[in-house]
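Everything on this sheet refers to the single structure shown next.
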Amino acid sequence: MRLEPCGAFAVSGRGGSGPIGISHDARYRDASGANVIEALKAQCLRQRQLKAGEDLFGPGSQQNAIFVLIEGWTLLYTLLENGKRQILHFAVADTLLGLPPSKGTVSTFGVQALTRAVVAEIPHRRVRELVAERPGFALALAQSMARDTDLAFDLLTSIGRSPARVRVARLLLQLFVRAWSRLPGHGIEAVRLPLTQEQLGDATGLSSVHVNRVLHELKREGIAAFHYRRLRILDPDRLIDAAEIDPETLKSWIV
């Protein structure tokens, strides 16, 4: 991990090929019109640069700061007693990371970089000062966090109640919509998703063999193909059907 002073952050955007964040979404602005993520970035103490596979922090650690993902992808995970890993959430640019449930508690999860990643570190004291200085900031912060909670709940529901095909289709669709901030179009979509089949399995509660079987099935039926971290949505409407997703839930994934 490399530590650097905070510099000027580039505006999140895909520029035709990459994922976009929530920096300019009106839903996450406080009463003054200031965006909660941009407000936190402005309080950055330093930047941390992570290599793919490197932890920002692990389960059981205690942090004196929260983090905003500036660039790249990360995953949130827990470790089970048998050594297996459960992926709880995938984070894209402008996601808030590491806010503890209460002062002095340790983290129940870890954050690991999926790709090269850059995060801004914001001391807890500055977050408390922002809440005191801006009456609407706390609500905007809570709304931003609630969105990620909803995404985690959706993944939990899928794991607990859905067959393997639905779990995989739903996760692929969710990642596409969140990272590119739109629904898939009517034609073939080809995008990069920096995940392995093993990581898809860790997120859906399936073995790599089972994930591979579902992916072959989706490809054979002309719905979607995932290979070497590339996702091709061959038939968007049928992928949405395979994911068994409510239209309103699908729209809520767009930021």
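The residues listed here are ARG220, ARG125, ARG230, ARG178; of these, the one that is surrounded by 13 or more Cβ atoms within 10 Å (Cβ to Cβ) and not polar (S, T, N, Q) is ARG178. Criterion first (over 30 Å from THR157 (Cα atoms), of a type outside the set (Val, Ile, Thr) and modelled with pLDDT of 90 or more) does GLN86 satisfy it? Considered against the rule, which asks whether it is over 30 Å from THR157 (Cα atoms), of a type outside the set (Val, Ile, Thr) and modelled with pLDDT of 90 or more, GLN86 comes out as no. Checked against the criteria, GLU248 does not count as out of contact with any Leu (no Cβ under 9 Å at 6 or more places or on another chain) and over 15 Å from VAL177 (Cα atoms). The set of residues in the stretch 210-237 that are at pLDDT below 95 and in a helix (DSSP H, G or I) comprises PRO236, ASP237. Within the stretch 204-237, being under 20 Å from the mean Cα position of the chain (by Cα) and among the small types (Gly, Ala, Ser) holds for one residue alone: GLY205. Taking each residue of the stretch 66-87 that is buried (at least 20 other Cβ atoms within 10 Å of the Cβ) and looking for partners that are among the hydroxyl-bearing types (Ser, Thr, Tyr) with beta-carbon atoms closer than 6 Å, six or more apart or interchain, yields LEU69/THR95; GLY72/THR115; TRP73/THR115; ILE87/TYR77. Looking at LEU171, LEU200, just one residue is among the hydrophobic types (A, V, I, L, M, F, W, C), in contact with a Ser or Thr (Cβ under 7 Å, 6 or more places away or on another chain) and not assigned by TED's automatic domain parsing to the domain that holds GLU38, and that residue is LEU171. All of ILE240, ILE245 fail the test of being part of a loop (DSSP other than H, G, I, E, B), surrounded by 13 or more Cβ atoms within 10 Å (Cβ to Cβ) and within 21 Å of the chain's Cα centre (by Cα), apart from ILE245.
You will find that of ALA152, ALA169, the residue that is closer than 26 Å to ALA52 by Cα, surrounded by fewer than 18 Cβ atoms within 10 Å (Cβ to Cβ) and hydrophobic (A, V, I, L, M, F, W, C) is ALA152 and no other.
Condition test on LEU76, is it at pLDDT 80 or above, of a type in the set (A, V, I, L, M, F, W, C) and out of contact with any Ser or Thr (no Cβ under 9 Å at 6 or more places or on another chain)? Yes: the conditions hold for LEU76. Residues to consider are LEU76, LEU56, LEU69; find the one that is outside the structural domain of SER207 (by TED's automatic domain parsing), in contact with a His (Cβ under 7 Å, 6 or more places away or on another chain) and part of a strand (DSSP E or B). On inspection, the qualifying residue turns out to be LEU76. Name the pairs whose Cβ atoms lie under 6 Å apart, with the first residue in the stretch 166-190 and farther than 14 Å from PHE90 by Cα and modelled with pLDDT under 90, the second among the basic types (Lys, Arg) and not in a helix (DSSP H, G or I), and 6 or more positions between them or separate chains? Filtered contacts from the stretch 166-190: ALA190/ARG232.
Taking the criterion of being in a helix (DSSP H, G or I) and buried (at least 17 other Cβ atoms within 10 Å of the Cβ), the residues of the stretch 197-209 that qualify are GLN197, GLN199, LEU200, GLY201, ASP202, ALA203, THR204.
The values are calculated or read from the model by the stated rules, or taken from the named source; none is laboratory data. All of these numbers come straight from a predicted model, not from anything done at the bench. For neighbour counting, all protein chains shown are included, and Cβ atoms are generated from backbone atoms with ideal geometry for every residue, glycine included.
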